[in-house]
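Novice: Below is one structure. I have some questions about it.
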Amino acid sequence: MVEPDQVVADQLCLSSSQQHYLYRVLRLGAGQQFVALDGQGQQWIATLTTKPDVAAIAPLSRPSSATQAPVTLVIALPKGSGFDDVVRQTTELGVSTLQPVISDRTLHQPNPKKLERWQRIAAEATEQSERLLLPQILPPMPWRDYLKQVSEGSRWICVARGDAPHLLTVAQASDLTRPAVIATGPEGGWTEAEVEGAIATGFQPVSLGPHILRAVTAPLAALTLVMAVHAQRKFEDI
């Protein structure tokens with residue numbers, strides 16, 4: 001991931017940490033290429049030069065997902081370091097925004113320094129997956145406070161029991177040109193009051209299938225289903 005001020009004309013000025021990664025970790029040399037991106041939609045093919053702190057760059061054009069309607073995951077914080085993996089994997093899958101929330105059954109009270117760590121993990125996963133846009137990682141907030149916010153588009157809350165329709169069926173029948181918000185619960189699931197509060201603010205209960213998923217698995221399953229529908233719609237439009 002590069003900062004905008006590192007790009008000057010057709011050159012990329014490499015930081016010391018980037019030089020270490022390229023030359024020492026990846027063991028690249030002069031004349032070899034890599035993909036550079038800024039997380040804001042710009043990407044380049046970069047070629048290492050004989051100067052270790054400079055790479056020559058040329059714009060790289062590929063089909064972009066930047067025009068896709070944003071998908072936000074609202075995730076009740078799992079215990080331990082589980083959210084680290086959720087950040088990494090949902091970034092790879094294409095999430096737009098991650099909003100961690102503290103629910104009635106949340107066991108993990110986050111350290112304020114965790115946000116910086118999650119943002120760093122998201123940046124690393126963005127580079128690894130070569131996606132154009134860096135997802136936004138928001139500070140944790142209470143679930144009840146989140147429900148006071150107004151958002152456009154579809155709003156789905158994943159529930160483990162009951163007769164809620166499957167998220168795949170609901171997504172296939174939805175207008176995915178509009179933003180979507182998907183909420184997944186903590187270990188033990190949402191409380192009845194939390195689900196009722198979500199419904200009162202416009203959330204539709206949905207199911208992820210007949211099995212009880214872990215708090216770190218549910219967001220991946222939910223996002224995969226919605227992104228699959230996005231991909232199907234794009235294929236049908238070709």
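The values are calculated or read from the model by the stated rules, or taken from the named source; none is laboratory data. Remember, it's a predicted structure, so these values are computed and weren't measured experimentally. Here Cβ is always computed from backbone atoms with ideal geometry, including for glycine, and neighbour counts include all displayed protein chains.
Novice: Please specify each residue of region 19-37 satisfying the condition of being in contact with a strand residue (DSSP E or B) (Cβ under 9 Å, 6 or more places away or on another chain) and either within 23 Å of Pro135 (Cα to Cα) or surrounded by 12 or more Cβ atoms within 10 Å (Cβ to Cβ) (or both). Don't jump to the end; show me each part of the working.
Specialist: Step one: filter region 19-37 for residues in contact with a strand residue (DSSP E or B) (Cβ under 9 Å, 6 or more places away or on another chain), giving 22-23, 26, 28-37.
Correct list: Leu22, Tyr23, Leu28, Ala30, Gln32, Gln33, Phe34, Val35, Ala36, Leu37.
Rundown of residues vs (1) over 27 Å from the mean Cα position of the chain (by Cα); (2) within 30 Å of Glu194 (Cβ to Cβ), yes/no style:
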| position | (1), (2) |
| --- | --- |
| Ala9 | yes, no |
| Ser16 | yes, no |
| Arg27 | yes, no |
| Gly31 | yes, no |
| Gly41 | no, no |
| Pro59 | no, no |
| Pro70 | no, yes |
| Val74 | no, yes |
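Novice: Now for a separate question. Hey, among the residues in region 38-70 that are modelled with pLDDT under 75 and of a type in the set (A, V, I, L, M), which one's surrounded by the fewest Cβ atoms within 10 Å (Cβ to Cβ)?
Specialist: From region 38-70, those modelled with pLDDT under 75 are 39-41, 60-68; that's our starting set.
Those left that are additionally of a type in the set (A, V, I, L, M): 60, 66.
Numbers: Leu60: 14, Ala66: 10.
Only one residue fits best here, namely Ala66.
Novice: If I filter region 194-209 down to residues being in contact with a helix residue (DSSP H, G or I) (Cβ under 7 Å, 6 or more places away or on another chain) and crowded, with 21+ Cβ neighbours inside 10 Å, which single residue comes out as nearest to Trp156 (Cα to Cα)?
Specialist: For region 194-209, the residue satisfying everything is Val206.
Novice: Tally up the residues in region 177-193 that are surrounded by fewer than 23 Cβ atoms within 10 Å (Cβ to Cβ) and farther than 16 Å from Ala221 by Cα, please.
Specialist: Looking only at that region, the number is 7.
Novice: Quick one: count up the residues across region 134-163 that are under 21 Å from Leu213 (Cβ atoms) and of a type in the set (A, V, I, L, M, F, W, C).
Specialist: Qualifying residue count, region 134-163: 6.
Novice: Looking only at region 149-162, which residues are out of contact with any helix residue (DSSP H, G or I) (no Cβ under 7 Å at 6 or more places or on another chain) and touching a residue at least 40 places away in the same chain (Cβ under 8 Å)? Give the steps one after another, and end with the answer.
Specialist: Keep residues of region 149-162 that are out of contact with any helix residue (DSSP H, G or I) (no Cβ under 7 Å at 6 or more places or on another chain), which gives 149-155, 160-162.
Residues satisfying the conditions are Ser151, Gly153, Ser154, Arg155, Ala160, Gly162.
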